[in-house]
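Input: a single structure, listed below in structure tokens.
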Amino acid sequence: MIRAAFATGDGVNINRHFGTAERFDVYEIDLLAKTYELVDVRHVDSLGISLQHDDSLIARLVDAVEDCNVVFSAKSGQHARVALYEKKVQSTDIEREVKFVLDKLLTSRISILAPEYKEEKERKKYGDPARKGSFENLQKRHPCLGGHSNVTAGRLHLPVSPVCNIGCKFCTRAYNKSEIKPGVTSLVLKPEEAVETVRKAKELCPELTVVGIAGPGDTLANNQALKTFALVKENFPELICCLSTNGFRLPECVDEIARIGIETLTVTVNAVDPEIEAKINSFVIDERGFKHEGIEAAKMLIEKQLTGIRLAAEKGIVVKINSVLVPGINDKHIPEVARVTSELGASILNIIPLIPQNEMKDIPAPNCADLEAVRMEAGKYLEVFRHCQHCRADSLGIPGKGKDLHEELYKDRKERAADTFSHG
């Protein structure tokens, strides 16, 4: 049960500053039953005095809400926030209808308002407390894990994985220097070329903290990526290694990923329902080279993905989920992807708007409102990453700065890649 106070002049809107509030409506919110009830209307004589200049007024106002977990007001000053904090009451500034906030409290991530709920949610999300520390520390250095490091930390994508073992209907891979989207590269490197490439990348981008491999195919469709990561870890142990995969071969590769010391893993999961997945992915190619299509392929892919995510999280690897938002197909389903993968140990979700191309060229990309609506729903289960830049497979730079250095990094290299793209 959570108790929330609202600074209101009319009982309908949050329209009073905390320091001059004359009325607080107090609601009790039952998270389990998904209900709320007005339990008290408290009046305080503020006399119109500014809070920051009257300690006695501060005391009266704080006393009026000290039994609450949170107080919502149009604005609160630093003096008020400190006084409320000392009483273990959270202060939140917002100007909306009271009902709007109450409804959001029932459905949004409100764990910060009640320690017992926060503890339970973090237990499910992180398991071992050390995993939480690992994720939070990585966020400070990894520009694709949330926080604010997307404008301070650099990342390099090494294009060493040209082949793929599944057939996503939205995917096209290309060989050029200009397009900014996944699956695009100007060349394909051999694992042995990675060390010198990383060394040059560090000179061009001193802020470099992450070396990732995100294609242009799938990183686990052959062993090129794992060979590359082993060389990078041996020569640059201070850098974070980040592997992106469709997850089809993840269960069989998890032990090797952990042995090499790869810290973060991104798995693209577009559905956990085979009926929906079959509308997004055409086929998978198994380890024997056999092609499976339709619902059969979807079931195989989902089972491998979910098993791999669970095994990776159990080994302490931080798992991020990528989901491509395809309007009319999985837009209502992505919150379920978030729920399922969160329970398996994933730490963060990146919802990527569809780029209309290939078999999905006639499906319009989601607009900002559509994307935000899905983010809000999925955010009930997993923290949502909001700074994706649709990076190339050979990217270099600080994502949040908007400048990619891949052309400068590879300007002296002989182009080599197009004929190596394949499925299987």
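Where does each of 259, 392, 310 land when they are ranked from fewest to most other beta-carbon atoms within 10 angstrom? Walk me through the intermediate numbers first.
Details: 259 11, 392 26, 310 19.
In order of increasing Cβ crowding within 10 Å: 259, 310, 392.
Given 0.36 nm per residue, what is the gain on full extension from residue 203 to residue 63 after removing their alpha carbon distance, in nm?
Computed gain between residue 203 and residue 63 is 44.7 nm.
Per DSSP H run of n ≥ 4, the term is -39500 (n - 2.57); total these for the chain, divide by its residue number, and report the mean residue ellipticity at 222 nm rounded to 500 deg cm²/dmol.
On the way: 13 runs with 141 residues, N = 424.
Computed ellipticity for the chain at 222 nm equals -10000 deg cm²/dmol.
What is the order of 93, 255, fewest Cβ neighbours within 10 Å to most?
With the fewest neighbours first, 93, 255 line up as 255, 93.
Between residue 56 and residue 95, how many nm apart are label points set 7 Å from Cα along the C-beta direction?
Between residue 56 and residue 95, the label points sit 3.1 nm apart.
Can you tell me the 0 to 90 degree angle between the C-alpha axis of helix 98-107 and the longest principal axis of the chain, rounded to 10?
Long axis of 98-107 versus the principal axis of the chain: about 40 degrees.
Taking the Cβ-Cβ separation of residue 32 and residue 234 as r and a Förster radius of 60 Å, what is the calculated FRET efficiency to the nearest 0.05?
Given R0 = 60 Å and the Cβ-Cβ separation, E is 0.75.
Let me make sure I get this right: for segment 125-423, a, b and c are the square roots of the gyration tensor eigenvalues over alpha carbons, sorted descending. Under 1.5 in a/c it's rounded, otherwise prolate if a/b > b/c, else oblate. Which is it?
Numbers: a/c = 1.33, a/b = 1.19, b/c = 1.12.
Because its axes are fairly even, with a/c under 1.5, segment 125-423 counts as rounded.
At R0 = 56 Å, how high is the FRET efficiency between residue 85 and residue 362 if r is their beta carbon distance? Nearest 0.05 is fine. Mind dumping the intermediate values first?
Numbers: r = 53 Å, r/R0 = 0.95.
It comes out at approximately 0.60.
Determine the alpha carbon to alpha carbon distance for each of 34/279; 190/361; 332/401; 34/304; 304/361; 140/315 and list only those over 25 Å.
Values: 34/279 34 Å; 190/361 32 Å; 332/401 32 Å; 34/304 35 Å; 304/361 28 Å; 140/315 21 Å.
34/279; 190/361; 332/401; 34/304; 304/361, as the Cα separations exceed 25 Å there.
For a Förster distance of 35 Å, can you work out the FRET efficiency between the beta-carbons of residue 256 and residue 140, rounded to the nearest 0.05?
On the way: r = 27 Å, r/R0 = 0.77.
The formula returns an efficiency of 0.80 here.
Put a dot 7 Å past each Cα toward the Cβ at residue 314 and residue 104; how far apart are the dots in nm?
3.9 nm
Tell me the label-point distance for the pair residue 190, residue 411, using the 7 Å Cα-to-Cβ offset, in nm and rounded to one decimal.
For residue 190 paired with residue 411, the spin-label model returns 2.6 nm.
Report the Cys residues of the chain lacking a disulfide-compatible partner, meaning no second Cys Cβ under 4.7 Å from their Cβ.
68, 144, 164, 205, 241, 242, 253, 368, 388, 391
Fewest Cβ neighbours within 10 Å first, please rank 300, 360, 1 accordingly.
So the ranking, lowest neighbour count to highest, is 1, 300, 360.
Bear in mind that the values in this text are calculations on the coordinates, not laboratory data. Bear in mind that the values here come from a model prediction, so they are computed numbers and not experimental data. Virtual Cβ from ideal backbone geometry, glycine too; neighbours counted across all protein chains shown.
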